[in-house]
Ligand SMILES: NC(=O)c1ccc[n+]([C@@H]2O[C@H](COP(=O)([O-])OP(=O)(O)OC[C@H]3O[C@@H](n4cnc5c(N)ncnc54)[C@H](O)[C@@H]3O)[C@@H](O)[C@H]2O)c1
């Protein structure tokens, strides 16, 4: 296998446990020859198994709350010291909605929780990009990828405030991608991933049934976390150096399929 990330340095957020999409990205990035720092919220790391991943991938862990600019500054500064130079790729794999956790319907959202969700899951991307740009911490042609979901474009009632938050996340990728591209040739994209059985995914009400529904619609079936990791690696690599400011669907064709024969049969048509 050719190593697509040989010599590249990265920061990978969001690896909570073996099911996390970020976990698979870290494993693949390691296989492809990258060196990187793992990071997560300090509170998540006490519960998580991130130490095993760090050992397996020979990585250092630098805790950072993605809502805290001081933590992010420390993360980018120390990562460059640990890795021995500027960063080539960043994975933003961070999502959390208290409204979803508490099963609050969209029409009755708690606004403190809504603000928290926006800060953690979308504004954190802006904060990371702003800190990186200010510190000039990312190499030219570097690549930043954030994970998103199709509810940013079409309505999924159970996704409640995360739908709005993902729309903001995707907009930040475009807006910041413009400025970072013009000034430093840094690329910023979002990957819109299939439903995936992770802690964040499974926290959504009715997730299991919806997972099966999406699988029955998508001509290729749902894309796994491992497939998503492979796609992220390609976006971190030099093979995609002219791709920026895009929302890229990674969903087995789900988002452009109106209906499938499989679903029609379930209605006796
Ligand atoms: N699972 C799915 O169905 C699915 C589908 C499309 C997109 N996504 C997105 O993929 C990304 C990763 O989620 P996942 O499915 O791997 O679940 P996950 O629960 O494994 O990962 C979410 C991560 O966010 C981290 N996090 C939460 N608050 C944080 C904070 N304040 N600072 C730093 N990190 C914080 C958590 O600790 C966790 O590691 C999320 O953006 C999610 O919305 C998931």
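Just so you know, all these numbers are worked out from the coordinates, no wet-lab data involved. Every value quoted in this text rests on a predicted model; they were computed, and no experiment measured them. So basically every Cβ, Gly included, is an ideal-geometry build from the backbone, and we count neighbours across all protein chains shown.
Observations, loosely collected:
- Residue ranges 90-98, 120-128, 147-155 sort as 90-98, 120-128, 147-155 when ordered by packing (mean number of other C-beta atoms within 10 Å per residue, highest first).
- The modelled label-to-label distance between residue 153 and residue 182, using points 7 Å beyond Cα along the C-beta direction, is 2.6 nm.
- Taking 0.36 nm per residue of separation and subtracting the Cα-Cα distance, full extension of the segment from residue 18 to residue 58 would add 12.8 nm.
- The convex hull built on the alpha-carbon positions of the chain has an orientation-averaged projected area of 14.2 nm².
- Averaging the Cα positions of each part gives two centres, and for region 89-110 and region 21-52 these lie 21 Å apart.
- Computed helical MRE - 222 nm, the chain, DSSP H runs ≥ 4 contributing -39500 (n - 2.57), nearest 500: -13500 deg cm²/dmol
- Considering only Cα atoms, the convex hull volume of region 164-232 works out to 114 Å³ per residue.
- Kirkwood estimate for region 194-269, i.e. one over the average of 1/r between Cα atoms, Å: 14.0 Å
- Overall Cα dimensions of region 98-174, principal axis frame, Å, largest first: 43, 25, 15
- Overall form of region 86-138: prolate. Here a/c, set by the Cα gyration tensor axes a ≥ b ≥ c, is 1.5 or more, and a/b is the larger of a/b and b/c.
- Potential lengthening between residue 255 and residue 130 on full extension [0.36 nm per residue; Cα-Cα distance subtracted]: 41.9 nm
- Radius, Kirkwood style, for region 74-215 when every pair of distinct Cα atoms is counted (Å): 16.1 Å
- Approximate shape of region 28-92 as ellipsoid semi-axes (Cα gyration tensor, √5λ), whole Å, largest first: 18, 16, 9
- Potential extension, residue 103-residue 197 segment - 0.36 nm per residue separation minus Cα distance: 32.0 nm
- Each eigenvalue of the Cα gyration tensor of region 1-158, multiplied by 5 and square-rooted, gives one semi-axis; in descending order these are 28, 17, 15 Å.
- Estimated from the Cβ-Cβ distance and a Förster radius of 51 angstrom, the FRET efficiency linking residue 77 and residue 212 is about 0.70.
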